Amino acid sequence: PFESFFGGGGRWQQSRGKRGSNLRARVKPSLVEVANGARKNLKVKKQIQCHTCHGSGAKDASSVGKCSVCGGTGVIKKVQNTILGQMQTSSTCYQCNGSGQQITKKCATCNGLGVEYGEETIQVDIPAGVQDGMQLSMSGKGNNGEQGGPSGDLIIQIEVGQNRELAVAGQNIIYNTHIRFIDAVLV
């Protein structure tokens, strides 16, 4: 920003870790669930928080220290001489991604990433009236971020289940049944 160009104030916002990736999943609600809405449990295989280090990536609490590049500030300041005088710029530390911390001994389970593969059951609320091909998004339900970073999103693809007697055609539901000719004429 303009302030950091001139070395101006404000507290530097520290970021943590790398954001997790988005995931895609498919849900196949029945026509009854489409009409009334439903809540489904969806099992998702994804990156979850490491059970050993609880997402920190460090072997233990004593295995985290100040970043050697930025000195624990999370910011690298650079002073340049120009024809207008000295100008200071600030940028996020490339070593610690702005956290100000550096892992000295990595967790053996996740190799310092803070995530491992596992399975999570997620409740999905399917609103009434969804259509085949629609997508729902659940913020923060994707892969966990590395070293405490934010989680990605879960994108849910709706595939409406078909039925022998019922079919969906746009906004209409078609009911297929056999009736006698005389019943069709008299109705």
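The values are calculated or read from the model by the stated rules, or taken from the named source; none is laboratory data. All of these numbers come straight from a predicted model, not from anything done at the bench. A quick note on method: Cβ atoms are made from the backbone with ideal geometry, for glycine too, and the neighbour counts reach across all protein chains shown. What goes into the accessible areas is simple: the full protein's heavy atoms, side chains included, and nothing from ligands, DNA or RNA. Shrake-Rupley method; radii C 1.70, N 1.55, O 1.52, S 1.80 Å.
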Fill in the blank from the handout: Computed, not fitted: 222 nm per-residue ellipticity of the chain from DSSP H runs ≥ 4 (each -39500 (n - 2.57)), nearest 500, equal to -2000 deg cm²/dmol
Practice task
Count the net charge of all other residues whose Cβ sits under 13 Å from the Cβ of Asn176, scoring Lys and Arg as +1 and Asp and Glu as -1.
Solution key: 0
Practice task
With unit charges on the beta carbon (Lys/Arg positive, Asp/Glu negative), name the residue among Gly142, Gln131, Ile76 whose Cα is farthest towards the positive pole of the charge dipole of the chain.
Solution key: Ile76
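With a probe of 1.4 Å, find how much accessible area the chain has per residue, and write the answer as a whole number in Å². Please report the intermediate quantities before stating the final value.
Working: 12900 Å² over 187 residues.
Value for the chain: 69 Å² per residue.
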Handout entry: 3J(HN,Hα) from dihedral phi, segment 111-124, Karplus parametrisation 6.51/-1.76/1.60, rounded to Hz, x for glycine, proline
Key = 6, x, 7, x, 9, 9, 7, x, 10, 10, 9, 10, 7, 10
Handout entry: Rounded FRET efficiency, nearest 0.05, which uses the C-beta distance separating Arg39 from His178 and R0 of 35 Å
Key = 0.50
Fill in the blank from the handout: Counting only residues 5 or more apart in sequence or on a different chain, those whose built amide H sits under 5 Å from that of Val64 are Thr104
Fill in the blank from the handout: Karplus-derived 3J(HN,Hα) from phi for segment 69-84 (6.51 cos²θ - 1.76 cosθ + 1.60, θ = phi - 60°), whole Hz, x at Gly and Pro, runs 7, 9, x, x, 8, x, 10, 10, 9, 10, 10, 10, 8, 10, 5, 8
Problem - Sulfur and carbon atoms: percent of accessible area, the chain [1.4 Å] - result: 50
Problem - Amide H within-cut-off set for Asn22, under 5 Å, with H built and near neighbours excluded - result: Asp153
Completion exercise
Within the under-13-Å Cβ sphere about Ser30, not counting Ser30, Lys/Arg +1 and Asp/Glu -1 give a net charge of -1
Exercise for the section: Could you tell me what % of all Cα pairs in the chain have separations over 20 Å? Expected result: 69
Handout entry: Relative contact order for segment 42-169, counting Cα pairs under 8 Å that sit 6 or more residues apart, in percent
Key = 29
Completion exercise
Checked segment 68-127 with the C-alpha gyration tensor, a ≥ b ≥ c its square-rooted eigenvalues, rounded below a/c of 1.5, otherwise prolate if a/b is larger than b/c and oblate if not; verdict oblate
Completion exercise
Scalar couplings 3J(HN,Hα) for segment 20-35 by Karplus 6.51 cos²θ - 1.76 cosθ + 1.60 (θ = phi - 60°), nearest whole Hz, x for Gly and Pro, are x, 7, 6, 10, 10, 9, 10, 10, 10, x, 6, 5, 5, 5, 5, 5
